[in-house]
Each structure stands twice: as structure tokens, then as C-alpha cells.
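The values are calculated or read from the model by the stated rules, or taken from the named source; none is laboratory data. Because the structure is a prediction, the values reported are computed rather than measured. Here Cβ is always computed from backbone atoms with ideal geometry, including for glycine, and neighbour counts include all displayed protein chains.
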Amino acid sequence: MASAAVALSLSAAPAWSHGLGVESAWAPATRVTGENAAVYLTIVNEAFHVQSLLGATVAVARRVELHQTRDGSDMKRVEIIEIPLSDKLNMQKAGFHIMLIGLKRPLIFGEKLPITLKFGDGQVQQSSVTVSDGGPPKPAGKTPHVRAKH
């Protein structure tokens with residue numbers, strides 16, 4: 001899973017529904033059928049209450065679970081990921097990911113995959129992820145700043 005340098009990423013524009021925005025989704029690509037891949041994304045909560053992510057579906061995975069990583073390597077399944085009121089939850093920085101288990105086929109650079117997020121109040125949000133060259137997508141028109149050596 002970690003050997004691939006390519007990643008899935010959501011388009012730079014966030015997807016919004018019911019006061020929730022999804023941005024910067026990405027996951028390592030895979031090379032063979034049956035592998036697993038961790039999806040990371042940021043959820044923006046502009047709803048008027050705390051939200052809870054209960055699960056997700058991705059057609060290319062046999063099973064999808066919510067996971068938390070502690071101390072850098074101790075991973076466990078969780079039932080709920082809480083999204084604070086009027087805040088952003090960057091899943092990678094917070095130690096969470098959506099695990100795609102048993103991929104039915106490899107994830108190929110340039111393709112788009114739908115993902116459906118399920119929230120505690122019954123809301124469902126559709127988003128689309130695309131294969132990128134690694135990590136979260138960079139905003140359009142931005143170029144990285146390079147420091148010159150003096």
C-alpha cells in the first residue's frame with residue numbers, strides 16, 4: 001500500500017451538502033487487485049451542530065471502514081469520527097482515515113471514483129476522487145515557493 005507514489009485526490013473545489021464541505025481527499029494508488037488503500041480528506045463543518053461521520057462506500061472496495069491511527073502505527077477501527085462545529089477536520093492530521101479494503105481492481109492514475117459519506121443525522125454526501133501524483137491536490141494557480149540557497 002505505501003509503495004505506490006501515486007494518490008487519489010478530490011478536485012481542488014470542495015463538494016458541499018447540508019453545511020458540510022469535503023476537500024483535499026487523497027489516497028495511495030494500488031498496483032494489483034485485492035490491496036487496501038487509505039483515503040484521507042478534510043471535512044468542513046458549517047452546519048449548526050457537531051457532525052459525526054459514520055461510514056463511507058466506494059464501489060471499487062469490497063469493504064470500507066473508518067480507522068484511527070495512534071502513536072504512528074497502532075491502527076484500530078472506529079465507529080464514529082466527530083467533526084467539530086464550525087471547524088475543519090483534516091483526517092490525516094487528526095490520525096483518521098477511510099480504509100478501502102479488498103480493492104476489486106487497481107486504482108489507475110487519472111480515473112475518477114465516486115465516494116459516498118454517511119453522517120450521523122442521516123445525511124449522505126457524494127464526492128468524486130481522482131488519481132493524482134501523490135498527496136492532497138494543490139489549489140489551482142498555486143506554485144510551490146522554492147528557497148534559494150545563499
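Filtering segment 59-79 to residues that are surrounded by 14 or more Cβ atoms within 10 Å (Cβ to Cβ) and polar (S, T, N, Q) leaves Gln68, Thr69. What pairs come up if the first residue lies in segment 75-86 and is under 18 Å from Met99 (Cβ atoms), the second is loosely packed, with under 12 Cβ neighbours inside 10 Å, and their beta carbons are under 8 Å apart, counting only those six or more places apart or on different chains? Correct list of pairs: Lys76/Arg70.
If you take the residues of segment 28-58 that are over 17 Å from the mean Cα position of the chain (by Cα) and within 11 Å of Ser86 (Cβ to Cβ), which of them is surrounded by the fewest Cβ atoms within 10 Å (Cβ to Cβ)? Going through the qualifying residues, I end up with Phe48.
When we screen Gly120, Gly95 for residues that are closer than 15 Å to Tyr40 by Cα, modelled with pLDDT of 75 or more and not basic (Lys, Arg), the only hit is Gly95.
Residue-by-condition table, conditions (1) touching a Phe, Trp or Tyr at 6+ places or on another chain (Cβ under 9 Å); (2) at pLDDT 85 or above:
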| residue | (1), (2) |
| --- | --- |
| Met1 | no, no |
| Ala7 | yes, no |
| Ser11 | no, no |
| Trp16 | no, no |
| Ala27 | yes, no |
| Arg31 | no, yes |
| Glu35 | no, yes |
| Thr42 | no, yes |
| Leu53 | yes, yes |
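The condition (being out of contact with any helix residue (DSSP H, G or I) (no Cβ under 6 Å at 6 or more places or on another chain) and modelled with pLDDT of 90 or more) is satisfied by just one residue among Leu107, Leu85, Leu113, Leu89: Leu89. Of all the criteria given as (1) surrounded by 14 or more Cβ atoms within 10 Å (Cβ to Cβ); (2) at pLDDT 90 or above; (3) within 16 Å of Gly21 (Cα to Cα), the one not satisfied by Gln126 is (1).
Taking Ser128, is it without any contact (Cβ under 8 Å) to a residue 12 or more places away in the chain and of a type in the set (Gly, Ala, Ser)? So Ser128 does not fit the description; no.
Exactly one residue among Lys88, Lys104 is of a type outside the set (A, V, I, L, M) and loosely packed, with under 15 Cβ neighbours inside 10 Å, and that residue is Lys104.
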